[in-house]
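Read the structure below first, then the notes.
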Ligand SMILES: [Zn+2]
């Protein structure tokens with residue numbers, strides 16, 4: 001069985017073909033929604049930004065690699081991916097919710113090919129029994145997002161936002177004082193106590209480290225974050 005959950009979940013409405021083209025699933029152990037496929041996020045947002053009670057509300061559509069199958073995760077309270085992301089099976093993509101046309105927290109899970117619904121029970125292995133509770137059974141590792149930006153030692157990049165210069169890679173390392181940066185770093189830092197480089201500063205990469213999903217770069221003045229929670233700070 002391959003479900004968007006890890007651990008137990010309930011079925012609050014079964015698959016009825018055109019009358020209900022997916023399964024309504026309710027997380028029991030966790031409300032986190034995991035990708036059921038490797039694929040590309042082609043939609044992540046509100047079905048209707050002007051009416052949050054319409055349709056799927058906040059939803060994600062993932063095109064499964066090498067197929068024309070679109071996997072839909074509807075009614076989410078939170079979205080943790082964006083269009084263009086490549087996601088892997090088990091990666092957390094969002095959180096169950098009750099947005100859109102919904103009367104309680106659940107995830108509408110369905111697969112369509114060119115707009116035509118597919119047999120979600122056959123695809124997922126989830127039985128079509130209303131109000132039953134199942135256990136996804138998967139207890140293995142959860143995939144993490146792939147860094148989008150990679151850095152090469154010796155190459156000069158540019159800060160895209162104001163970036164803190166820290167004593168080490170990771171936000172648990174303190175931000176350096178401005179006076180602790182190199183003379184060139186100080187020239188490009190905001191005139192304040194702590195060392196924060198202005199956007200547009202050219203920085204030479206001396207070392208790269210990945211911390212969780214984030215990518216850190218050592219520059220002559222210290223460590224700065226190149227990619228933080230999917231946002232590109234340096235490129
Ligand atoms: Zn539904």
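The values are calculated or read from the model by the stated rules, or taken from the named source; none is laboratory data. Because the structure is a prediction, the values reported are computed rather than measured. Ideal geometry is used to build each Cβ from the backbone, glycine not excepted, and the neighbour counts take in all protein chains shown.
Criterion first (outside the structural domain of residue 184 (by TED's automatic domain parsing) and away from the ligand (no atom under 16 Å from the Cβ)) does residue 109 satisfy it?
Criteria not met by residue 109.
So residue 53 clears everything in (1) within 16 Å of the ligand (Cβ to nearest atom); (2) more than 18 Å from residue 128 (Cβ to Cβ); (3) within 21 Å of the chain's Cα centre (by Cα) except one condition, right? Which one?
(3) is the only condition that residue 53 fails.
Quick check: anything in the stretch 7-19 part of a loop (DSSP other than H, G, I, E, B), exposed (fewer than 15 other Cβ atoms within 10 Å of the Cβ) and modelled with pLDDT of 95 or more?
yes
With the checklist (1) farther than 19 Å from residue 28 by Cα; (2) surrounded by 17 or more Cβ atoms within 10 Å (Cβ to Cβ); (3) over 19 Å from the mean Cα position of the chain (by Cα) in hand, flag the one item residue 102 doesn't pass.
The one condition residue 102 does not meet is (1).
Restricting the stretch 112-147 to residues that are under 18 Å from residue 31 (Cα atoms) and buried (at least 16 other Cβ atoms within 10 Å of the Cβ), which is farthest from the ligand (Cβ to nearest atom)?
138
Kindly indicate whether residue 43 is on the phi < 0 side of the Ramachandran plot, within 13 Å of the ligand (Cβ to nearest atom) and either in a loop (DSSP other than H, G, I, E, B) or surrounded by fewer than 19 Cβ atoms within 10 Å (Cβ to Cβ) (or both).
no
Tally the residues that are farther than 13 Å from residue 133 by Cβ and away from the ligand (no atom under 16 Å from the Cβ), restricting the search to the stretch 4-30.
Residues flagged as farther than 13 Å from residue 133 by Cβ and away from the ligand (no atom under 16 Å from the Cβ) within the stretch 4-30 amount to 2.
Residue under question is residue 26, and the condition is that it be in contact (Cβ under 8 Å) with a residue 40 or more places away in the chain, outside any loop (DSSP other than H, G, I, E, B) and surrounded by fewer than 18 Cβ atoms within 10 Å (Cβ to Cβ); does it hold?
no
Here is a list of conditions, (1) closer than 30 Å to residue 69 by Cβ; (2) modelled with pLDDT under 95, and residue 132 meets all of them except one; can you say which number that is?
Every condition holds for residue 132 apart from (2).
I'd like to check something: does the stretch 90-99 contain any residue that is farther than 30 Å from residue 51 by Cα, surrounded by 15 or more Cβ atoms within 10 Å (Cβ to Cβ) and either more than 16 Å from the ligand (Cβ to nearest atom) or more than 19 Å from the chain's Cα centre (by Cα) (or both)?
yes
What are the residues in the stretch 65-88 that are surrounded by fewer than 19 Cβ atoms within 10 Å (Cβ to Cβ) and closer than 18 Å to residue 23 by Cα, if any?
Once the filter is applied, which keeps residues that are surrounded by fewer than 19 Cβ atoms within 10 Å (Cβ to Cβ) and closer than 18 Å to residue 23 by Cα, the stretch 65-88 yields 69, 77.
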